[in-house]
Amino acid sequence: MSEFWLISVPLDKASSQSLEKLKRAASKAGLGSSFRFHIPELKVGTLDVLLGVADDLSRLDSYTEGIMRKTSQCMAEVMEQSTDKVIENALANGEHKGHRRVPQSPLKVYFQALRALDISVDLATYVTKFQWDRAKYPTALSLKTVTEIISKQVSQVEIELKSRSTAYNDMKAKLHGLEQKKEGSLQTRTLTGIVKKEDLVLNSEYLTTLLVVVPRVNNSLWENTYESMSEFVVPRSSRKLLEEEDAGIFTVTLFKKAVSEFKANANKLKFTVREFNLEEAEKQRQEMSRLIADKKEQYGTFVRWLKVNFSEMFVAWIHIKALRVFTESVLRYGLPVSFQTLLLQPEKKHAKRLREELNSLFRDLDPTAAASKPDMGVDIPGVNAGQQEYYSYICYSINISLLDSS
């Protein structure tokens, strides 16, 4: 299951015992897996500031998740792959190069080893082995300042994502437009790449070369009649440049003064004289070559940017979850800061049973929530804003699936 539940309960004997019972029950009955999720002690500030930060984090949570998913969707579109393939590319860096670390815990050593090997970790591993990034989000700063840092980071990614996406899609649309001109019948599509300089009489004061579309069934008629369409046609000047299933392109050389007469007679026999400008065709060819090269270059650059910034958004998002748990825990359980967290990964078919077990073990924390159905939360106006369900314990869902936007 790609969903995790990040829960918080008071740091007291009764809650600690209940947590242990929960972990044993979940493990024994196969209800799900549990993981340690360490949240460092952060600067609380005043109650008014804390309430404001809680509201800001609620909005920032949804905003960041939205940008993260837009980034993954853009990656799928640019790479022209299904979303499940993109998930393979959706990795979160345990740490980033250049960040200073104090290698104390085994987890830090683990992530440093990954960094040394230039390896990223998958999303589930990052969540289950979460380590607060003190270099990016210093714990010495206030909650409000840390929240503002993340908000600014997400806004910058959103702005650049829009800019890069627009530039890439515009370039792709131009290339697609030129490619479409090369499709269709010989009656309408561009002749760039079909007609070469050596196929034409150029720089002549009197002579010119016309390009004529001849239905395949009328090839013999063309060969027998083109010289008689005007007395000023150069004998035996016709050459076939391309033949397809239904028609072919032929050249014919004649005096410029006879062009109108030739076109009129050709039209009577269902032959189509195509307009062609060698200079325009060459410009179009060069433009297509340039766009193909640009797309190849921009593709690599854009995909790398998407991967890096998806990782950045995911890391920021999980830190927001941690900030919300910390803030809500202080508001719910009071000061001094005293709470404990646990990350649960429910087995899909047993999610309801695991929720029932949680509600049963922690019903005494809040009688209001305990009075609701055992497998459901209850909406409390003004409490835990931004969290869809309210439980007797604190719980935030983390859905790492990129297959949908839920």
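The values are calculated or read from the model by the stated rules, or taken from the named source; none is laboratory data. Just so it is clear, the structure is predicted and the values come from calculations on it, not from any experiment. All Cβ positions, even for glycine, are placed from backbone atoms using ideal geometry, and neighbour counts span all protein chains on display.
Cβ contacts < 6 Å: first residue in contact (Cβ under 8 Å) with a residue 40 or more places away in the chain, restricted to segment 56-74; second residue among the aromatic types (Phe, Trp, Tyr), any location; separation 6+ or different chain. Result?
THR64/TRP317; GLU65/TRP317; MET68/PHE314; MET68/TRP317; THR71/PHE310; SER72/PHE310
Return the residue satisfying two criteria in turn: it lies in segment 194-220 and is in a loop (DSSP other than H, G, I, E, B) and touching a Leu at 6+ places or on another chain (Cβ under 8 Å), and of such residues it is surrounded by the fewest Cβ atoms within 10 Å (Cβ to Cβ). Outline the logic, then answer.
Pass one, segment 194-220, residues in a loop (DSSP other than H, G, I, E, B): 194, 196, 200-206.
When the remaining residues are screened for being touching a Leu at 6+ places or on another chain (Cβ under 8 Å), the result is 194, 200-202.
Working: ILE194: 16, LEU200: 17, VAL201: 14, LEU202: 11.
Checked segment 194-220; the qualifying residue surrounded by the fewest Cβ atoms within 10 Å (Cβ to Cβ) is LEU202.
Report yes if LEU191 is under 24 Å from SER289 (Cα atoms) and surrounded by 14 or more Cβ atoms within 10 Å (Cβ to Cβ), otherwise no. Step through it out loud before you land on a result.
Details: under 24 Å from SER289 (Cα atoms): yes; surrounded by 14 or more Cβ atoms within 10 Å (Cβ to Cβ): yes.
Yes; evaluated as a whole, the condition is true for this residue.
Checking ILE320 against (1) modelled with pLDDT under 95; (2) not in a strand (DSSP E or B), only one condition comes out false. Which one?
Unmet for ILE320, out of (1) modelled with pLDDT under 95; (2) not in a strand (DSSP E or B): (1).
Residues VAL330, VAL337: which one is touching a residue at least 60 places away in the same chain (Cβ under 8 Å) and either surrounded by fewer than 20 Cβ atoms within 10 Å (Cβ to Cβ) or not in a helix (DSSP H, G or I) (or both)? If you could, list the steps in order and put the result at the bottom.
Working: VAL330 fails: either surrounded by fewer than 20 Cβ atoms within 10 Å (Cβ to Cβ) or not in a helix (DSSP H, G or I) (or both).
Checking each option against the conditions leaves just VAL337.
How many of the residues making up segment 200-222 are of a type in the set (D, E, K, R) and farther than 15 Å from GLU243 by Cα? Talk me through it step by step, then tell me what you get.
Let us first name the residues in segment 200-222 that are of a type in the set (D, E, K, R), namely 205, 216.
Now drop any that are not farther than 15 Å from GLU243 by Cα, which leaves 205.
Residues that pass the stated criteria total 1.
Only residues that are assigned to a helix (DSSP H, G or I) and surrounded by 17 or more Cβ atoms within 10 Å (Cβ to Cβ): list them for segment 266-294, please.
Taking segment 266-294 and keeping what is assigned to a helix (DSSP H, G or I), we get 266-268, 278-294.
Those that are assigned to a helix (DSSP H, G or I) and surrounded by 17 or more Cβ atoms within 10 Å (Cβ to Cβ): ALA266, ALA281, GLN284, MET288, LEU291.
Please pick out the residue among SER27, SER2, SER8 that is buried (at least 21 other Cβ atoms within 10 Å of the Cβ) and either at pLDDT below 95 or touching a Phe, Trp or Tyr at 6+ places or on another chain (Cβ under 6 Å) (or both). Walk me through how you get there before you give the answer.
Details: SER27 fails: buried (at least 21 other Cβ atoms within 10 Å of the Cβ); SER2 fails: buried (at least 21 other Cβ atoms within 10 Å of the Cβ).
Exactly one residue qualifies, and that residue is SER8.
Can you tell which of ILE159, ILE150 is β-branched (Val, Ile, Thr), surrounded by 18 or more Cβ atoms within 10 Å (Cβ to Cβ) and at pLDDT 95 or above? Outline the logic, then answer.
On the way: ILE159 fails: surrounded by 18 or more Cβ atoms within 10 Å (Cβ to Cβ).
After applying the criteria, what remains is ILE150.
Is at least one residue of segment 351-364 in contact (Cβ under 8 Å) with a residue 24 or more places away in the chain, over 24 Å from GLY52 (Cα atoms), of a type in the set (Ser, Thr, Tyr) and in the same structural domain as THR71 (by TED's automatic domain parsing)? If you could, list the steps in order and put the result at the bottom.
Filtering segment 351-364 for residues in contact (Cβ under 8 Å) with a residue 24 or more places away in the chain gives 351, 353-354, 357-359, 361-364.
Those left that are additionally over 24 Å from GLY52 (Cα atoms): 351, 353-354, 357-359, 361-364.
Okay, now just the ones that are also of a type in the set (Ser, Thr, Tyr), so none.
The answer is no, given that none of the residues of segment 351-364 is in contact (Cβ under 8 Å) with a residue 24 or more places away in the chain, over 24 Å from GLY52 (Cα atoms), of a type in the set (Ser, Thr, Tyr) and in the same structural domain as THR71 (by TED's automatic domain parsing).
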